[in-house]
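What follows is one structure encoded as structure tokens, with my remarks underneath.
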Amino acid sequence: VQLVESGGGLVQAGGSLRLSCAASGSTFDINNMAWYRQAPGKQREWVATIISRSGRTYYADSVKGRFTISRDNAKNTMFLQMNSLAPEDTAVYYCKAEVIGPDYWGQGTQVTVSS
């Protein structure tokens, strides 16, 4: 499985961005997909998960109500709609595909929120 993120960039506080994660390869092996982020000097943290079969979603408290995770199964693409962005959301955002075995990660996309 190969994952490629896109959609990051520089945005002012209060603005929005939509991240995409395109999956290719053995995508039928993917159970769930998730977004993580890593700010400078901090550990990578979980942001949101979407369950492939049910479409059920889960969010970290820090993003609940502001971020929305979704997936287009036909296009093997996952999205993260980020609204009301704040400077503390600045990080490299990674997508992850969970399979039976080692998880797959994308290369990350930078999101910078200016105050």
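Nothing in this text is a laboratory measurement; each read-out follows from the coordinates by a stated rule. Computed from a predicted model, the values in this text were never measured in an experiment. Don't worry about glycine lacking a Cβ; one is built from the backbone with ideal geometry, like all the others, and counts go over all protein chains shown.
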| region 1-51 - percent relative contact order, Cα under 8 Å, separation 6 or more | 29 percent
| request: Using a 10 angstrom cutoff on alpha carbons, build the Gaussian network for the chain and name the most mobile of Gln43, Gln12, Gln81. | output: Gln43
| note | Computed ³J(HN,Hα) along region 28-34: with the Karplus parameters 6.51/-1.76/1.60, θ = phi - 60°, integer Hz and x for glycine or proline, the list is 5, 7, 6, 8, 10, 10, 8
| note | Residue span Thr112 to Glu88: 0.36 nm per residue of separation minus Cα-Cα distance leaves a gain in nm of 7.7 nm
| remark: Relative contact order as a percentage, region 44-115, C-alpha pairs under 8 Å and 6+ apart, gives 21 percent
| field | Pairwise centroid distance, computed over Cα atoms, of region 62-111 with region 1-42, Å | value | 4 Å
| remark: In Å, the Kirkwood estimate of hydrodynamic radius for region 1-56 over Cα pairs equals 13.4 Å
| query | Spin-label point model (7 Å from Cα, Cβ direction): what's the Val4 to Arg18 distance in nm? | reply | 1.9 nm
